[in-house]
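Have a look at the structure below before the remarks.
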Amino acid sequence: MNLILIVEDEPGIARVLSAYLKKASFEVIHAADGITALELFKQHQPALVVLDVMLPGMDGWELLQLIREQGACPVIMLTARDGIEDRLSGLDGGADDYMTKPFIPEEVVARVNAVLRRRPYVNDRNSKRHFGNLVIDYAAKCVYLNGAEVGLSPRDLSLLLFLSEYPNRTFTRDHLIEQVWGMDYEGSDRAVDLSVKRLRQLLCNWSSDVGEIRTLRGMGYQFWISE
Ligand code: CA
């Protein structure tokens, strides 16, 4: 059974969310602040986190970064209506989805299901591939740089797995959204740019003479490796 961590300081909202998710056969744990949430996260390794932005103490964006450092776990953000776009683009948050308050509980359940269905790209190859100091394990869906695992969100991970599977081929943003994230992905094609930006940051120690994620102006992106 999938375990969902709800991080929400308003008891009423937490109760409603919890009730709906339980009705949809999820197991639910709840935290009302960031510190408790992080402890629960480490202890229980949930399948997904529903994370309110406005929390006492550490806010949802800070907590999101700390969760990202722990490894790949999908996160749905709950945000206030005002200024959401500024916040999302400005902070380049890296959430897998977000919902604005007030929301319909059924819709949260639907989004949780959708995000969990959006599995990272599955590969036939049961092997690791080495790109210099970057190692990608397609079976385990893990990425290692200089021997240490790189913590990627499911969305960024699936993009990297796909691009690296087809080195030196260029894909348009639309193609990547359709092939990697699925037709039901709702978001702007700017999401691809942001995802590539995050990947470049995380892989900044990847030897540039071995490879890099290249932008081909007006065409798209390419996982370039030297032949
Ligand atoms: Ca709140």
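The values are calculated or read from the model by the stated rules, or taken from the named source; none is laboratory data. Source: prediction; values computed, not measured. Cβ sites come from the backbone with ideal geometry, for glycine too, and all protein chains shown count toward neighbours. What goes into the accessible areas is simple: the full protein's heavy atoms, side chains included, and nothing from ligands, DNA or RNA. Shrake-Rupley method; radii C 1.70, N 1.55, O 1.52, S 1.80 Å.
Just a few scattered comments:
- Subset tally (residues that are modelled with pLDDT of 95 or more and either within 16 Å of the ligand (Cβ to nearest atom) or among the acidic types (Asp, Glu) (or both)) for the range 20-38: 8
- Residue count, the range 1-46 (criterion: in a strand (DSSP E or B), free of Cβ contacts under 8 Å to residues at least 60 places away in the same chain and open to solvent by less than 50 Å² (accessible area, probe 1.4 Å)): 7
- Look at (1) away from the ligand (no atom under 16 Å from the Cβ); (2) on the phi > 0 side of the Ramachandran plot; (3) modelled with pLDDT of 80 or more; (4) assigned by TED's automatic domain parsing to the domain that holds residue 22 and you find that residue 48 fails only one, number (2).
- Residues in the range 98-152 that are at pLDDT below 90, open to solvent by 50 Å² or more (accessible area, probe 1.4 Å), within 24 Å of residue 213 (Cβ to Cβ) and part of a strand (DSSP E or B): 128, 129, 130.
- Only listed residue being hydrophobic (A, V, I, L, M, F, W, C) and under 14 Å from the mean Cα position of the chain (by Cα), chosen from 203, 216, 161: 161
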